[in-house]
1. Kindly list the number of the only condition in (1) in a loop (DSSP other than H, G, I, E, B); (2) free of Cβ contacts under 8 Å to residues at least 60 places away in the same chain that fails for Ile423.
2. Just a yes or no: is a residue in region 281-303 within 27 Å of Glu182 (Cα to Cα) and not basic (Lys, Arg)?
3. With Gly170, Gly155, Gly192 as the choices, which residue is in the same structural domain as Asn109 (by TED's automatic domain parsing), surrounded by fewer than 20 Cβ atoms within 10 Å (Cβ to Cβ) and either over 28 Å from Leu306 (Cβ atoms) or touching a residue at least 40 places away in the same chain (Cβ under 8 Å) (or both)?
4. With (1) surrounded by fewer than 18 Cβ atoms within 10 Å (Cβ to Cβ); (2) of a type in the set (A, V, I, L, M, F, W, C); (3) part of a loop (DSSP other than H, G, I, E, B) as the list, and Ala90 as the residue in question, which single condition is left unmet?
5. Do we find that Val326 is out of contact with any Asp or Glu (no Cβ under 9 Å at 6 or more places or on another chain) and under 23 Å from Glu75 (Cα atoms) in this structure?
6. If only one of Asp243, Asp232 is closer than 17 Å to His279 by Cβ and in the same structural domain as Glu265 (by TED's automatic domain parsing), which one is it?
Amino acid sequence: MKRHTILLKKAASALLIVSLTAGLCACKENTPESAENDDALADGEVFYVAQGNSAETDTETYTETVTSDSSGSFEMSIAGDYIIYDSMYAYAQALSSDGSYDFKPMVRNLRQYTKDCDINYYNQETILAGDVLPLSSYPAFVSPTEAGDAMLDLGYNLVSTATNHALDGGEDGVLAQIRYWEKNSDRAFMTGTFASQKKRDEVHILECNGITYTMLDYTYATNGIPRPEGKDYLVNVWPTDFDVNDPNMDVEYHKYKEQVRKDVEAVRDKVDFLIVCMHSGVEYAEDESEYQRDAAKFLASLGVDLVIGTHPHVIQPAEYIGDTLVYYSLGNLLCAQMQDDYYNKVTSVLATMTIRKTNDSGERRIKIENVKNHLMYSYYDQASWSDYCVVSFEDPQIEDFLPEYKDVYDTYSQQFLKRDNKITMEPCA
């Protein structure tokens, strides 16, 4: 394996981008200014990112392989759709003393899961562009950036943005959200939407505790809003034709598989651990669609380690396909959707797991261990559209928010566990 000398600065939940070109290793921090200067970037650059929750601030130089031979592990959490409705940002503004938006009380209970994890993932369903565009709600969302601030403060440092709402604010909205995440690139890595074709094609290698990894992200569509001509790079769309409704007969869907294959092959031999996020499926369907299943099998065949499904807004089953762990839909982490159909839109799965790399007798392997799936409830006062918060079914106070919590827990545990007997759900209070 080719070896590179890499200069990394360790910082709390920090990322430092290291640009590698042929025969030359150059370090630069990924500031918004440098990220927007495409002309300064050479073709085929690979970006190495140090990520984690280390409190150290020392700078050290060491030699690292493209795929490290060392052993190690990191703790990870994954959470579902974060959807910001107008009643939510009205409540967030009421919580603030200065006219801004305070989302922190709504998500504070998630800290019990993020605080002990090095990597925390969630799906940003609605665009964070309220600093540039007027706020809006269903069906075209523009959300306050403070909603993202609250997640960053909890330690969320891995974010997907390729959703069917990615173009709700047009090109300006996409670019505004990208600038928000670039501004916070020392705290989180975002993918799925891009400011240029060059940015879309860059390979980013992240590192945590001696394990290299990266994440790819795709959505099935953009709610009928076309990407501007020549700017398909703005959001990754793996198209789904609901009129055809059969992946075997969907020409465009199969054609895009070659792009996904190219994306995966560009990183698979450069990382120990590979995540792909799939924003797809049928809204409110309790089972995965044929498209979701076909995509998961395809990704597993390419050696993807973890597939994270979002979009249906309800919990769907999880399963292993070979060694690939697949979550078809985690459900809504926080939202203001109506609490009908027995709370299906306001329950979600938050998973924690250990990602471990072993190197036995020269054979390097990645294992996903200690997987714990936690059932979560997105509560709000239905009479006043206020008091939003996320509550775990393991919290003894869950009964105060949802008196019938045991029946709800049984319903969605069975739904989540029905595909694979190796999948488990943590018990409720």
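The values are calculated or read from the model by the stated rules, or taken from the named source; none is laboratory data. Note that the structure is predicted; figures quoted are calculated from it, not measured. Positions of Cβ are backbone-derived with ideal geometry, glycine not excepted, and every protein chain shown enters the neighbour counts.
1. Going through (1) in a loop (DSSP other than H, G, I, E, B); (2) free of Cβ contacts under 8 Å to residues at least 60 places away in the same chain one by one, Ile423 breaks only (2).
2. Filtering region 281-303 down to residues within 27 Å of Glu182 (Cα to Cα) leaves none.
Within region 281-303 (the criterion being within 27 Å of Glu182 (Cα to Cα) and not basic (Lys, Arg)), the answer is no, since none of the residues qualifies.
3. Residue meeting the stated conditions: Gly170.
4. Answer for Ala90: the failing condition is (3).
5. no
6. Details: Asp243 fails: closer than 17 Å to His279 by Cβ.
Criteria check complete, one pass: Asp232.
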